[in-house]
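Right, one structure below, let's go through it.
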Amino acid sequence: MPATDRNHQAVIRSLNKAGWSVVSEHYSLAVGETADDLRRLCIDLAVQSQKDQIVLIEIKLMDQSPVHQFMMLVGQYLVYRSALDYLGQDTPLYVALSNVDYSTRVEHPLGQQVMNQTLRQPIPMVIYDAAQEEILRWIAEL
């Protein structure tokens, strides 16, 4: 079973309050042509809106080195998005970040450079308040 971030349940409760329901925890992907080259990936959540839209959400908690954690977020998102594209799945993929992590990592000048200049498209994000357990906003709105 893949490890979950400390705020995993807070994100689920926040999404539930906003009208989303969890379809699957630990949404699995398998990429490869043979058993020998198979690569398995696991995205934290598949959730469904009241309008039946399904999105995938990877929850990130950045409590260590700010730069290292930001690099991990960007790299993990790109690998997951690439795997979904390879498999022909156009399901939207979001990264869930606390409002604190978003303001100190993504809104930092380095984060803005990566998001706005380096990537072809900014990473879609769900910003939540862990203490209040509520979704504050979706970036790259649905």
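Quick one: of the DSSP bridges fully inside segment 1-125, what percent are antiparallel, nearest 5?
Details: 13 of 18 bridges.
Of all bridge pairs located within segment 1-125, approximately 70 percent are antiparallel.
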Fill in: Backbone HN-Hα couplings from phi across segment 89-102 [Karplus 6.51/-1.76/1.60, Hz, Gly and Pro as x]
9, 9, 4, x, 10, 10, 10, 8, 10, 5, 4, 5, 4, 4
Worksheet item: Placing +1 at every Lys and Arg Cβ and -1 at every Asp and Glu Cβ, with all other atoms neutral, what dipole size does the chain have around its Cα centre, in debye to the nearest 20?
Response: 200
Worksheet item: Long-range amide H contacts for Trp20: which residues qualify at under 5 Å (H placed 1.01 Å from N, peptide plane, sequence gap of 5 or more or a different chain)?
Response: none
Discussion item. Below 8 Å between Cα atoms, with a sequence gap of 6+, how large is the relative contact order for the chain in percent?
Written reply: 23
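Across the chain, how large is the tail of the calculated P(r) beyond 28 Å, expressed as a percent of all Cα pairs?
Numbers: 1588 of 10011 pairs.
Of all Cα-Cα pairs in the chain, 16 percent lie more than 28 Å apart.
In Å², and per residue, what accessible area does the chain have when probed at 1.4 Å with the other protein chains present? Working shown, then result.
Details: 8040 Å² over 142 residues.
Averaged over the residues of the chain, the accessible area is 57 Å².
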Item to complete: Taking H placed 1.01 Å from N in the peptide plane, check which residues at least 5 places from Ala96 or on another chain put their amide H under 5 Å from its amide H.
Response: Glu58, Ile59, Lys60, Val126
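Quick check: convex hull over the Cα atoms of segment 3-45, volume per residue in Å³, rounded to an integer? It would help to have the intermediate numbers written out before the result.
Values: hull volume 2.9 nm³, N = 43.
Once divided by residue count, the hull of segment 3-45 is 67 Å³.
In whole percent, and with a 1.4 Å probe on the protein chains, what portion of the accessible area of the chain is carbon and sulfur?
Numbers: 4010 of 8040 Å².
Of all accessible area on the chain, carbon and sulfur atoms account for 50 percent.
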Worksheet item: Which longest uninterrupted range of the chain lacks any trypsin sites (Lys or Arg not before Pro) assigned by DSSP to a loop state (not H, G, I, E or B) and surrounded by at most 16 other Cβ atoms within 10 Å?
Response: 52-119
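The values are calculated or read from the model by the stated rules, or taken from the named source; none is laboratory data. None of the values given here were measured: they were computed from a predicted structure. All Cβ positions, even for glycine, are placed from backbone atoms using ideal geometry, and neighbour counts span all protein chains on display. All accessible areas refer to the heavy atoms of the entire protein, side chains included, with ligands and DNA or RNA removed. Shrake-Rupley method; radii C 1.70, N 1.55, O 1.52, S 1.80 Å.
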